[in-house]
Amino acid sequence: MLKLKQQFDLQRDVVFDILRKEASVCRVKEYCEDVDTRILNTERDGSVLYSWKGATGTTRIGKYDPYTKQNKLLYTFDKQVCVSSCSLNKEETLLAVSLAQNTSAQQRLKPISRCLTLLIEIHPINNTKVLKAVDCRVKVQFLHQETEWKPALESHLLLFTEDGYVDLYHVLLSKQEGYRVVISNPERLSRAVERIIEDFCWVQWDGHTQRLYCLTRKDKFLLRCVQFYQNHSCDIVLELVLELPANAFRAVRFVSLGFDHYHVEKPEQDLVRMRVFTNRLGSMCVCYSQPLKDKQELTYTVVLVHKDCSKRFRVCLGNDKPSLNSHQLHPLFIPIGYYILVYLQGYFLHCINTRQHEMLCHSLFLTGQDVNLGMQSQSDALTVMHKEDETSVCLLELACGSIHIAELSPAYLLQILRSDASPGCPSSKTDPLRLAALHCLLVFMGDDLKLELK
């Protein structure tokens, strides 16, 4: 159903380069030690931030540029540290990092915070400023600024805490000696903080639209959309009440805010998995799967905000399949253009047309062999990454460090339409499925004349 193209591979694009650099530092022909390379975050321009264990007992943070295919060292800590969150500003002058502090048995009696959040000057003197020292997880994310050719002398950093609030730091910069970019009055940095959201239980960052989605609960669950503008102001542009179970989130959930390798999530506690997707054509969908009353049945909801309606689906998984853990029963939501794909590996793939929601013949529902995406990881281990191109999406397999560009496969949709296919082929499906495939080929992919002729 999907056509995959590998865009990034951690081993090929990063680790081989790191091993060469570490060999040069150690003055050996070949460096054979484990560098423990881990993806930390992906920024709006597609760059990948990662950390690795250096040969001299240090932790280093680097950046991979998808356009130049080059790696760049951003910062080196003088000891081994646990990087749980990281973000780089567009001008590459500031690096925000959250460190998970040592909580080993011999360290527990010491007065030490669980999380230390730092703001680091990259050029040229690597000064650091402590933003937070707290006993809960902290996520960091710089806002993206559309600037002219000259570097901006200010940056804006979002800071998310597990305590349920979001702060916005306005960081003023100054130039020294023509090339040094440093923080102006770092002692006053804590005074230039703006509280954006309080008491959230779920939060999602959308880097391409510079939007923040936060879910809060008092009497009901309220989803807020905060839009950030180029003048660094922000507004709440949407409030939406959602009908969710009262204990939907037993712990704060962070979505699209990097990867924390030192905090073990308890997926079995996830009673609800939720994502928000928008595209430039004007659609907005809130997708969430709900808890199972029976492990053989799965329910999920797609709220079509642009249509002012919602569609709830219930799928019977059958008794002939091996039982899954509760966290594996949450499907993966994949946006491709104005289609939303709901994918549970080995069970089903539901392709929903969010423009023609009232016509069931515009939805493709596939089961069995047809739903294998051809990826190594289980569906619950895949991460959906936003992409500028509306006809495709990026999927990250964190365990193996691979990023794939995925798009709908015209060849597969044509196979559904074939009348001379063998009984085991997808063309043996019903007429509504064929009509849905035809609609997708002619309308969604209709700019290709050769495809229309086929």
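The values are calculated or read from the model by the stated rules, or taken from the named source; none is laboratory data. Treat the numbers as computed from the prediction; the structure is a model and nothing was measured. With ideal geometry, Cβ positions are generated from the backbone for all residues, glycine too; neighbour counts draw on all protein chains shown. For the accessible areas, the whole protein counts, side chains as well, though only heavy atoms, and no ligand, DNA or RNA atoms are used. Shrake-Rupley method; radii C 1.70, N 1.55, O 1.52, S 1.80 Å.
Data for the structure
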item	result
Using θ = phi - 60° and Karplus 6.51 cos²θ - 1.76 cosθ + 1.60, couplings along the stretch 222-228 (whole Hz; Gly, Pro as x)	10, 8, 10, 10, 9, 9, 9
q = 0.07, 0.12, 0.13 Å⁻¹: log10 I(q)/I(0) that the Debye formula gives for the chain, counting C-alpha atoms only	-0.40, -1.12, -1.28
Theoretical FRET efficiency, 1/(1+(r/R0)^6), r = Cβ-Cβ of ALA251 and GLN11, R0 35 Å, to 0.05	0.60
Length-normalised contact order of the chain in % [C-alpha pairs under 8 Å, at least 6 apart]	11 percent
Rounded to whole Hz, the Karplus (6.51, -1.76, 1.60) HN-Hα couplings of the stretch 62-79, x for glycine and proline	x, 9, 9, 9, x, 8, 8, 6, 10, 9, 9, 6, 9, 7, 10, 7, 7, 8
Backbone N under 11 Å from the SER409 label point (7 Å along Cα→Cβ), restricted to the stretch 337-380	370-375
Per-residue HN-Hα couplings for the stretch 80-86 [Karplus 6.51, -1.76, 1.60; θ = phi - 60°; Hz; x = Gly/Pro]	6, 10, 9, 7, 9, 7, 7
Potential lengthening between THR391 and VAL443 on full extension [0.36 nm per residue; Cα-Cα distance subtracted]	17.5 nm
LYS220 versus ASP163: modelled label distance in nm, points set 7 Å from Cα along the beta carbon direction	3.0 nm
Solvent-accessible heavy-atom area per residue, rounded to whole Å², over the chain at 1.4 Å	49 Å²
Placed amide H near ASP45: partners under 5 Å, 5+ positions off or other chain	none
Accessible area of the chain belonging to carbon and sulfur atoms, whole % at 1.4 Å probe	48 percent
Amide H partners (placed H, <5 Å) of GLU297, local residues excluded	LEU317
Amide H within-cut-off set for LEU398, under 5 Å, with H built and near neighbours excluded	THR383
For the stretch 183-253: relative contact order, % (alpha-carbon pairs under 8 angstrom, 6 or more apart)	24 percent
